Amino acid sequence: MYTVFLGLFSLPYSPKNFRGFNIMKSSTSVNSIANYLRHEITYNHLKSGQHLKEASIAKMFGVSRVPVREAFRILQSEGYIDVIHNRGVFVKKISQEYIHQVAMVYELLAPRLLKSAIPKYKESTFIKAHSILNKIEKCKNFEEVGYLIRDFAVVIYSPSKMKFVLSIIDSLYRHNIRWLSEIFEISGTQTYDISTHRKFLEYCKQKKTGEAIELWSNHVEKIKRTLTNLHK
């Protein structure tokens, strides 16, 4: 499962809307700063290893440095940034070790969720899932593709009703969007292949839970290999 707002760091900033956050209308709070930076990191607008300047961010939002530091703490806990003593704050680099750790967690949790979820799928589940895949096929905006893939994940995992595990998977998918953005940018890929997703749904509809889970696990492994090769 599996581009620019660099304004406050190097170029003149021009406020824009993005999904779920409008910088012009949001209150200048810790959450609004964290949401903005999370979005920019997720979509590779802020690159791996890029220095995030506390003073510049505070000036852009018209606040003191205190809420910026609080936003940094949130993002550090979520794995988006590194805070290095006497050096500053940097966008977390996507390393091979980082990829392997996230993939390891996903590989442990996803099969368990699917084993619980698949038997609970209804006709509406398949309708929603195929509708999202149809949108992905037509979409040329890879930022939107990332969100649609996350939406697909919500549809296939949510019937498990395992709320805590679902929250972990959702966090992993937010990071997956960042990886996808990087893959698209580096490889020049123009479309996202959803053939595995279609086949997965076909197996599920045929009540072939084991085959569906195996297919999905192989899909995850393939993505992990692709990401690892990009970061050699």
_Computed over segment 88-232, Kirkwood Rh from alpha-carbon pairs, angstrom_ = 15.9
*Mean projection of the alpha-carbon convex hull of segment 90-147 over all orientations, in nm²?*
6.0
*Describe numerically, in nm with one decimal, the distance between label points set 7 Å from Cα along Cα→Cβ at Lys122 and at Ser29.*
3.4
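My understanding is that a pair violates if its Cα-Cα distance is over 27 Å; which of Lys120/Lys199; Lys92/Lys135; Lys53/Lys135; Lys138/Lys222; Lys140/Lys163 do that in this structure?
Long pairs (Cα-Cα over 27 Å): Lys92/Lys135; Lys53/Lys135; Lys140/Lys163.
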*asked:* Which three numbers, in whole Å and largest first, are the semi-axes of the equivalent ellipsoid of segment 70-122 derived from its Cα gyration tensor as √(5λ)?
replied: 34, 14, 7
_Rh by Kirkwood over Cα pairs, then Stokes-Einstein D for segment 28-96 at 1.567 mPa s and 4 °C, µm²/s_ = 109
*Which listed residue (Thr125, Leu201, Gln96) has the Cα farthest towards the positive end of the charge dipole for segment 65-218, taking +1 on Lys and Arg C-beta and -1 on Asp and Glu C-beta about the Cα centre?*
Thr125
*How large is ³J(HN,Hα) for each residue in segment 65-80, as worked out from phi by the Karplus curve 6.51 cos²θ - 1.76 cosθ + 1.60 (θ = phi - 60°), to whole Hz, x for Gly and Pro?*
6, 4, x, 5, 4, 5, 5, 4, 4, 4, 5, 5, 5, 8, x, 8
*So what's the gap between the Cα centers of segment 203-227 and segment 29-69, to the nearest angstrom?*
37
*Treat each spin label as a single point 7 Å out from the Cα along the C-beta direction, and report the Val105 to Glu78 distance in nm.*
1.3
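Read-outs throughout are calculated quantities, based only on the coordinates presented, and are distinct from any laboratory measurement. All values reported here derive from a predicted model rather than from experimental measurement. Reconstructed Cβ throughout: ideal geometry from the backbone, glycine too, with neighbour counts over all protein chains shown.
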